[in-house]
Amino acid sequence: MANLNKVLLTGNLTRDVELRHTHGGTAVANFGLAVNRRWKDKKTGDGREETTFIDIEVWARMAELCAEYLSKGSPVFVEGRLKLDQWESKDGQKRSKLRVVAENVQFMERRPKADDGEDLGGAPF
């Protein structure tokens, strides 16, 4: 059976990009991404919204570009794969965290705002 590990996400950064380098000099960046889902409640007809927060890890030149051009609130399209990190805490408990390792990050334009703060359209974020 074939395996596929592919993630496509569009959302906004929840914090500024954190850039560091490995001992070998390879850049690695981390940031949080908020992805929103909107729908109408079938029973009440009310609009509902759910936000999912996802940790993103980016490597090499793309990590450097993310650190240079992105900041909290920036809209991005992320293409990557899921990675499960597992470790044991100091108190001996097993821990795990699911993250996305980005293979590509596309920077998107922010929606322009009018002087009164009204959204003028533009990119969907």
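With a ≥ b ≥ c the root eigenvalues of the C-alpha gyration tensor of the chain, is it rounded (a/c under 1.5), prolate (a/b larger than b/c) or oblate? Don't jump to the answer; show the numbers that get you there.
Details: a/c = 2.00, a/b = 1.33, b/c = 1.51.
Here the chain falls in the oblate category.
Test of understanding: what is the full-extension gain from W87 to R20, defined as 0.36 nm times their sequence separation minus their Cα-Cα distance?
Fully extending the segment from W87 to R20 adds 22.0 nm.
Efficiency by 1/(1 + (r/R0)^6): what FRET value for F107 and D41, r their Cβ-Cβ distance, R0 = 41 Å, to the nearest 0.05?
About 0.75, to the nearest 0.05.
Looking at the chain, what % of its DSSP beta bridges pair antiparallel, to the nearest 5?
That works out to approximately 95 percent antiparallel.
Cross-link candidates for K6: which lysines have Cα within less than 16 Å, leaving aside residues fewer than 8 places away along the same chain?
Of all the lysines, those that pass the test against K6 - Cα under 16 Å, at least 8 places apart if same chain - are K83.
What does the extension gain come out to for F77 and L65, with contour length at 0.36 nm per residue minus their alpha carbon separation?
Fully extending the segment from F77 to L65 adds 2.9 nm.
Helix 60-69 against the longest principal axis of the chain: what's the angle in degrees, Cα atoms only, rounded to the nearest 10?
Helix 60-69 sits roughly 40 degrees off the main axis of the chain.
Read the figures in this text as sums done on the coordinates, not as results from a lab. This is a predicted model, so every value here is computed, not measured. All Cβ positions, even for glycine, are placed from backbone atoms using ideal geometry, and neighbour counts span all protein chains on display.
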